[in-house]
Amino acid sequence: MVSLVILNIGIDDTDSKKGMCTTYVGAVIIRRIREIGGRLEGFPKLIRLNPMWPHKTRGNCAVAMKVRISRQRIPIVKRIVLDTVRELAELRSETTNPGVVFYESEDIPKCLKTFSKKTVQEVVDLKEAEELAKEVEAEIHKFKLGNGVIGALAAIGHPLDRDWTFELIAYRIRENWGTPRKIDAESVFRMNAETYPETFDNLDPLTGEIRITPHTPCPILYGIRGETPEAVEKASKLVRTLEPVDFMITYKTNQGTDEHYLRLKKISEVKPYRSVIVDGTVCRAPRTIPGGHVIFSVKNGSGEIDCAAYEPTRKFREIARSLVIGDKVRVFGGVKEKPNLPLTVNLEKISILKLVPLVEKRNPTCPRCGRRMKSEGKGKGYSCKKCKINAPEGKAETIRLPRKILLRIFEVPPRCRRHLAKPLVREVHVAHESREI
Ligand code: ATP
């Protein structure tokens, strides 16, 4: 009997802003491996890496797959992978530096899992990836600078065993790449009505914009995200396309899992190019800056940081605007560094933990005519000129104003969401009781 072995294949950095997509390269490779009798173990993986990594092309994704194949056929599989990357990758683009990793093993060692998590949450360098590949005896192939080895190794190393979702991707035929996508919008609304929340982020509820089609010249016609392979498959059957679909693939992915966040205790630990969750007390009131962005600051024992709700998040900015000094919040977001500006958390979610009472001091009313009395100046009390009645300073009324905000978590709309951010509809339990105060 021929003994079969597992070959893990990781691929990254094949596209440019002008075209291509690593998921497509992965999907073509899978088709070609199947054509020669190779069998895939489980679903191929689409792994989103650090969304704050400044040198990503778009969504910072890498792909990996596990192929069960006879040892003798491994060289054929490797040749298919390398030839396909050479054929499809945007090698002429200066910033496209593909990397391919082959790793023969049933299990993924802990050090690869740790590296994968680090690549999703932090910044790593190529040398680190190359040394790790050597340590675990993974085979690397660098095209040009070969930066893609980082993502390729991280995708192999991702166990997708804690939380995961699925994405079904339908690709366009080559002749249509770069032309406007043709999909029956009504069918997408119906699909959403029938499958949400088992599928999610199909539409932007505020604008009604269809979110399953990308706006780039890449080969993707649409992608449907969901909780199970069955859900995304059912949804794709409900979508009516007005142009041919070349083929489809379903990836298992870390999209929509919040895996990118580093939970930090101290604001002083916040570093740029990461995404963080940190608690703090509002210490500078929200202000709207030119461009319509809303900025406020939070502090905890060790430091202070700006938080921004950007203009495209539209209604989400109202949450930021309704905060006052002293409110306690948990902020979720990517950390940006701009010259001569403090570090800023680009808000993706905000959880309102505690609201301070909002009070307003009002002049007392005249006991005779009932009108509001006038102030006589600071510390000098009040008077009603008409009735010639005076009142001491202490007679001022303190009115508690209603807070126009809930003790709960809020998220930016789907159109502004990172691929990795977990939509609230996926939350199993709500962290804070939702109540109006
Ligand atoms: P797309 O999502 O459209 O496929 P992309 O946004 O994934 O494109 P790439 O073209 O793959 O972008 O480029 C990202 C590059 O950055 C890859 O070479 C990858 O190996 C590397 N990279 C990814 N995450 C990190 C990280 N956390 N630290 C350092 N390098 C990273």
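The values are calculated or read from the model by the stated rules, or taken from the named source; none is laboratory data. All of these numbers come straight from a predicted model, not from anything done at the bench. No Cβ is skipped: glycine too gets one built from the backbone with ideal geometry, and neighbour counts run over all protein chains shown. With ligands, DNA and RNA removed, areas are computed over all heavy atoms of the protein, side chains included. Shrake-Rupley method; radii C 1.70, N 1.55, O 1.52, S 1.80 Å.
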Item to check | Sequence ranges 353-363, 56-66, ranked by mean other-Cβ count within 10 angstrom, highest first | outcome: 56-66, 353-363
Checklist outcome for this item: Karplus-derived 3J(HN,Hα) from phi for region 114-124 (6.51 cos²θ - 1.76 cosθ + 1.60, θ = phi - 60°), whole Hz, x at Gly and Pro, runs 5, 4, 4, 4, 5, 6, 6, 9, 9, 10, 10
Checklist entry - With the chain treated as a Gaussian network of Cα nodes joined by springs under 10 Å, which of GLU104, GLU376, GLU137 yields the largest mean-square fluctuation? => result GLU376
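Would you mind getting me the FRET efficiency between LYS380 and LYS127? Use the beta-carbon distance for r and R0 = 60 Å, nearest 0.05. Intermediate values should be presented prior to the final figure.
Details: r = 73 Å, r/R0 = 1.21.
The computed FRET efficiency comes out at 0.25.
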Checklist outcome for this item: Per 10 angstrom bin, beginning at 0 and ending with the bin that holds the maximum distance, the Cα pairs of region 4-157 fall in percents of 12, 47, 35, 7, 0
Checklist outcome for this item: With no solvent term and unit scatterers on the alpha-carbon positions of region 310-437, Debye gives log₁₀ I(q)/I(0) at q = 0.15 Å⁻¹ of -0.79
Checklist entry - What length, rounded to one decimal in nm, is gained on full extension from VAL425 through to ARG162, with 0.36 nm per residue of separation minus their alpha-carbon distance? => result 92.9 nm
Next on the checklist: I'd like the distance between the alpha-carbon centres of region 12-60 and region 135-168, rounded to an integer number of Å.
Outcome noted: 10 Å
Next on the checklist: Modelling each spin label as a point 7 Å along the Cα-to-Cβ direction, I'd like the ARG71/LYS299 distance in nm, to one decimal.
Outcome noted: 6.6 nm
Checklist outcome for this item: Over region 116-188, with neighbouring protein chains present, the accessible area per residue in Å² at probe 1.4 Å is 47 Å²
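How high is the relative contact order of region 235-279, given as a whole-number percent (alpha carbon pairs under 8 Å, six or more residues apart)?
Numbers: 23 pairs, mean separation 13.0, N = 45.
Contact order relative to length: 29 percent.
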Next on the checklist: Between CYS111 and LYS315, what is the label-point separation in nm under the 7 Å Cα-to-beta-carbon projection?
Outcome noted: 5.1 nm
Checklist entry - Along region 217-233, what does the Karplus equation 6.51 cos²θ - 1.76 cosθ + 1.60 (θ = phi - 60°) give for ³J(HN,Hα), rounded to whole Hz, x for Gly and Pro? => result x, 6, x, 6, 8, 7, x, 10, 9, x, 7, 9, x, 5, 5, 6, 5
Item to check | Contour excess over end-to-end distance, with Cα ends at TYR273 and ALA193 and 0.36 nm allotted per residue | outcome: 25.1 nm
Checklist outcome for this item: Which of LEU347, LEU46, LEU160 fluctuates most in a GNM of the chain (C-alpha springs under 10 Å)? That residue is LEU160
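Order of 125-133, 262-270 by packing, highest average Cβ count within 10 Å first? Before the final figure, lay out the partial values.
On the way: 125-133: 16.4, 262-270: 14.8.
Per-residue mean Cβ counts within 10 Å order the peptides as 125-133, 262-270.
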Next on the checklist: Over the chain, with a Gaussian network built from C-alpha contacts below 10 Å, which listed residue (GLU348, GLU198, GLU167) shows the highest mean-square fluctuation?
Outcome noted: GLU198
Checklist outcome for this item: Going residue by residue through region 348-365, the Karplus relation 6.51 cos²θ - 1.76 cosθ + 1.60 with θ = phi - 60° gives ³J(HN,Hα) values, rounded to whole Hz and with x marking Gly or Pro, of 10, 8, 9, 10, 8, 8, 7, 10, 7, x, 9, 10, 10, 8, 10, 4, x, 8
Checklist entry - Rounded to the nearest 0.05, what FRET efficiency is calculated for ARG400 and LYS336 with R0 set to 35 Å and r the Cβ-Cβ distance? => result 0.40
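Can you order the peptides 277-289, 303-315, 31-43, 388-400 by their average number of other Cβ atoms within 10 Å per residue, highest first? Walk me through the numbers on the way to the answer.
On the way: 277-289: 16.8, 303-315: 18.6, 31-43: 13.9, 388-400: 11.9.
In decreasing order of mean packing, 277-289, 303-315, 31-43, 388-400 become 303-315, 277-289, 31-43, 388-400.
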Next on the checklist: Per 0.36 nm of contour for each residue apart, how much would the distance between THR216 and ALA185 grow if the chain were fully extended, relative to their Cα-Cα spacing?
Outcome noted: 9.3 nm
Next on the checklist: Taking the solvent-accessible surface of protein heavy atoms with a 1.4 Å probe, what is the per residue accessible area of region 4-54 in Å²?
Outcome noted: 34 Å²
Next on the checklist: Testing the spin-label approximation: label points 7 Å from Cα along Cα→Cβ at LYS354 and ARG58. State their distance in nm.
Outcome noted: 4.5 nm
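Calculate the FRET efficiency for LYS237 and ARG287 from the Cβ-Cβ distance with a Förster distance of 41 Å, rounded to the nearest 0.05.
On the way: r = 49 Å, r/R0 = 1.19.
So the FRET efficiency works out to roughly 0.25.
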Next on the checklist: From Cα pairs below 8 angstrom and at least 6 apart in sequence, can you work out the relative contact order of the chain, rounded to a whole percent?
Outcome noted: 14 percent
